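Shown next, in structure tokens, is the structure this report addresses.
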Amino acid sequence: MEKFIWTKHVGRGFFTGPILAGLLAGCGGGSATTPMDTPMPKPTSSTEAAMQSAQAAMISDYSPIEYTPLALIPVSGSAVYDGYLSGNLLNSNDGLTDTIIGEMSLTVGFTNSSVNVLGSASNFRDEDVAPMTGILTFSNRDLDRGADITSDITLKLNANGTLTDADENDLIFGTQLQGDMLGTDYNAVGGFVYGVVTHNGAEQNIDGKFIAER
């Protein structure tokens, strides 16, 4: 799995990585590019390689990053976003899974002050293409409608739960998604994943990315 980095730049992040470095550089507040006219199909892939490829293609549709102007984010109604969540566990010498990728679905209910979210990520695979059981559930959302669009992350939510790998190791995830709405018409949500994963009382950090499109 290619390494994803959400690098702070003027207080805000941008997509980059060894495979996608040329495509995925950008900065909030810069000139916008228009996403592909034909929407990406909803996630149906089940293998690690297929999910990696679909995630990378979805990210490239919004690169350089085009942040949705806050004034264009609705104050009523809802939208459903489908995509992918992936991450790298930072301790690679413990015999546990080192990378994960799964499918995510997020329903966003818009209000004047914030958002309501429902959804989860599931169908995870590890670096050996082995399936992992369990889900990560989304909760505790925050949409900062007063953010500086050029410097602040606007959307935050938790993603917590337990994933069990092929060796029956239970990995307890306490993670947060931080990112933004993307596209001229809040077409997608994307950003980074960070937090801790606990196994038998031992914690290690995780970092990763998410991208989902309506």
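The values are calculated or read from the model by the stated rules, or taken from the named source; none is laboratory data. Quick caveat, the model's predicted, so the values are computed rather than measured. Reconstructed Cβ throughout: ideal geometry from the backbone, glycine too, with neighbour counts over all protein chains shown. These area figures cover heavy atoms from the full protein model, side chains too; ligands, DNA and RNA do not enter into them. Shrake-Rupley method; radii C 1.70, N 1.55, O 1.52, S 1.80 Å.
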task: With the condition kept exactly as written, say whether any residue in the range 155-162 is among the small types (Gly, Ala, Ser) and either over 27 Å from ARG214 (Cβ atoms) or in contact with a helix residue (DSSP H, G or I) (Cβ under 6 Å, 6 or more places away or on another chain) (or both).
output: no
Cβ pairs under 8 Å, 6+ apart or interchain, first in the range 187-214 and in contact (Cβ under 8 Å) with a residue 60 or more places away in the chain and assigned to a loop (DSSP other than H, G, I, E, B), second open to solvent by less than 10 Å² (accessible area, probe 1.4 Å) and not aliphatic (A, V, I, L, M), ordered by first then second residue, are ASN187/TYR62; ASN187/THR68; ARG214/TYR81
THR184 fails exactly one of (1) surrounded by fewer than 16 Cβ atoms within 10 Å (Cβ to Cβ); (2) under 22 Å from SER53 (Cα atoms); (3) touching a residue at least 40 places away in the same chain (Cβ under 8 Å); (4) not aromatic (Phe, Trp, Tyr), namely (2)
With criteria (1) part of a strand (DSSP E or B); (2) polar (S, T, N, Q); (3) at negative phi, THR150 comes up short on (1)
Considering the range 101-133, residues that are at positive phi and out of contact with any Gly (no Cβ under 6 Å at 6 or more places or on another chain), and then whichever is most open to solvent (accessible area, probe 1.4 Å), we arrive at VAL129
